[in-house]
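Here is the structure we will look at.
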Amino acid sequence: MPPPVHKGVDCDVHPAVPNLKALFPYLDGYWRESFIERGIPGFEANTYPPNVPLSQRPDWKETRAATDVCQLSDQVFRGAQTDFAICNCLYGVELPFSEDMGRVVARAVNDWIRHEWLDKDARLRASIVIPMQNVEFAVDEIERCAADKRFVQVKVMATQETPLGRRHWWPIYAAAERHGLPIGIHPGSTYRHATTSLGWPTYYSEDYNAYAQAFQSQIASMVCEGVFTKYPKLKVVILESGVTWAPAFLWRLSKLWRGLRSEVPWVDRPPVEIVRDHVRFTIAPFDVPPDARTIARVIDHLGSEEFLLYASDFPHWQHDDDDAMPPHVPKTLQDKIRIDNPLATYPRLKEDAA
């Protein structure tokens, strides 16, 4: 029996697959032998290079963080005082060009999460990782994992081969909506295209900052292509993107829509209203100067206290102290960010709380 929600939900923690061999128990013999014979070392996502400071808090670098359920649970639940945490595994399921390989690696990661993490701590929940190389395979994996109510979200990377609003992705959204699963969009890339609109960057600082552009493009795509018109119950969670870019972007998108709306007649109200109904943002990183006046202005510009969800982003480290909740956030808003907003966003968590 899971605990009730008194203290809140951590919407973004990152258990790490230690190596490809950790997935071998969840692969059939053909694929185990294939990976060994072909000398494939694994599918490490390059979004968080191990020695980059924001990839892991300095005092956790004695060992690789988030490879042990006891360590993760101790840091996430004791330190942040939350009741549930959603595991978003960033293993590079979407990196192989082979659709079949992507499918079996996604399946193995989800089974590894189920048995090595969810079975060992009743407070953990997880996102389903899906092979975006093939939409049919992605839907099959959602259907397979959705029977386990501990999977509460479907996770995809922010930069794909095509924008996420394109209609060939829509069967994924139909399956997610049918099972009450939000779509979580997290920094990460298939690396099929350059990670900025101008080409490949030189430095990691450029690459990481460019994700704000990717998130803007994905939101614009999903709104303008009509995803939320087709799937009115679908929720999208923007994970680890920052939030201060959102007000200006949504203002601009809504302003231009007024002059161009004849092109997209299915967008029947300002995009900012659609986003407020369907999109949520985690607060890690909360890219706002730590003073009460500025934080109040940012919340006011967002136009809703329902936008924000609590996240520690364990083991990534983009804040300065042990509390991922930014200082000077009013107590009433803290309660909404930690408890009310996550429960309203994740129907399966709400069922657990009930």
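First measure r as the distance between the Cβ atoms of GLU161 and ASP277, then evaluate 1/(1 + (r/R0)^6) with R0 = 30 Å and state the FRET efficiency to the nearest 0.05. Rounded to the nearest 0.05, the efficiency is 0.60.
What does the charge add up to near ALA311, with Lys and Arg as +1, Asp and Glu as -1, over the other residues with Cβ less than 12 Å from its Cβ?
Details: positive: ARG280, ARG338; negative: ASP10, ASP12, GLU240, ASP313.
Result for the local shell: -2.
Give the order of THR244, THR47 when sorted by the count of other beta carbons within 10 angstrom, beginning with the fewest.
On the way: THR244 17, THR47 24.
Least to most surrounded, the residues fall as THR244, THR47.
Where a ≥ b ≥ c are the square roots of the eigenvalues of the C-alpha gyration tensor, would you call region 176-220 rounded, which needs a/c under 1.5, or, failing that, prolate if a/b is larger than b/c, or oblate? The shape class here is prolate.
Ranked by how many other Cβ atoms sit within 10 Å of their own Cβ, fewest first, the residues VAL13, VAL272, VAL223, VAL93 fall in the order VAL272, VAL223, VAL13, VAL93.
Note on HIS6 and ASP100: the model spin-label points, each 7 Å out from Cα along the C-beta direction, lie 5.3 nm apart. Inter-label distance, SER34 to LYS255: 5.1 nm, where each label sits 7 Å from its Cα along the C-beta direction. Over the chain, with a Gaussian network built from C-alpha contacts below 10 Å, which listed residue (ALA174, ALA214, ALA284) shows the highest mean-square fluctuation? Between ALA174, ALA214, ALA284, it is ALA174 that shows the largest mean-square fluctuation. For the chain, modelled as a GNM whose springs connect Cα atoms under 10 angstrom apart, the maximal fluctuation among CYS89, CYS70, CYS145 occurs at CYS70.
Ranking of TYR211, TYR346, TYR48 by neighbouring Cβ atoms within 10 Å, starting from the fewest: TYR48, TYR211, TYR346.
Between GLU206 and ASP287, the modelled labels are 1.7 nm apart [label points 7 Å from Cα along Cα→Cβ].
When the square roots of the Cα gyration tensor eigenvalues are ordered a ≥ b ≥ c, the ratio a/c for region 55-205 is 1.5 or more and a/b does not exceed b/c, which makes its shape oblate. Taking the DSSP beta bridges with both ends in region 9-353, the antiparallel portion is around 5 percent.
Translational D (Stokes-Einstein, µm²/s) of region 9-353 at 4 °C and 1.567 mPa s when Rh comes from the Kirkwood sum over C-alpha pairs?
Values: Rh = 20.5 Å.
After rounding, the answer is 63 µm²/s.
Arranged from highest to lowest average of other beta-carbon atoms within 10 Å per residue, in what order do the peptides 106-112, 298-304 appear? Write down the numbers at each step before the final one.
On the way: 106-112: 23.0, 298-304: 16.0.
The peptides rank, most packed first, as 106-112, 298-304.
Rounded if a/c is under 1.5, else prolate if a/b is larger than b/c, else oblate: which is region 159-314, with a ≥ b ≥ c the root eigenvalues of its Cα gyration tensor?
On the way: a/c = 1.38, a/b = 1.13, b/c = 1.22.
Rounded shape, in that the Cα axes give a/c under 1.5.
Spatially close Lys pairs in the chain, defined by Cα atoms under 16 Å apart and a spacing of eight or more places or different chains, total 9.
Compute the length gained on full extension between TRP266 and ASP74: take 0.36 nm times their separation in residues and subtract their Cα-Cα distance, giving the result in nm to one decimal.
64.4 nm
All of the numbers you see were taken from the coordinates with simple rules; none came from a lab. Computed from a predicted structure; not experimentally measured. Cβ: placed from backbone, ideal geometry, glycine included. Neighbour counts: every protein chain shown.
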